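The values are calculated or read from the model by the stated rules, or taken from the named source; none is laboratory data. All values reported here derive from a predicted model rather than from experimental measurement. Don't worry about glycine lacking a Cβ; one is built from the backbone with ideal geometry, like all the others, and counts go over all protein chains shown. The protein model used for the area step is the full one, side chains on, heavy atoms only, and it has no ligands, DNA or RNA in it. Shrake-Rupley method; radii C 1.70, N 1.55, O 1.52, S 1.80 Å.
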Amino acid sequence: MVSVPRITLLGRPGCHLCDDARAVIERVAAELGVGWEERDITASEADLQEYWDKIPVTLVDGVQIDFWRVSEDRLRAALS
């Protein structure tokens, strides 16, 4: 059973880099049995101001580990 999401992907609709990041996150999360969620930065003025020029942003347990591109190695390391 997958519990509270450990990975959060911050992105926005129509972002091709977000699509790439999502593919990496889906694969790693499935292999490791880790939950993940996606948050649309356009739904929050604070998120939009903070992250508009950095998306996609990857957080693990609320800590930013990547932006623009997701490193599969860094993501795995952060989850171990």
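Quick one: in segment 48-80, of everything that is without any contact (Cβ under 8 Å) to a residue 24 or more places away in the chain and small (G, A, S), which residue is farthest from L9 (Cα to Cα)?
Per the stated criteria, the residue is S80.
Run down R69, R27, R74, R6 and say which single residue is of a type in the set (K, R) and buried (at least 16 other Cβ atoms within 10 Å of the Cβ).
After ruling out the rest, the residue left standing is R6.
Would you call D40 charged (D, E, K, R), under 11 Å from the mean Cα position of the chain (by Cα) and open to solvent by 50 Å² or more (accessible area, probe 1.4 Å)?
yes
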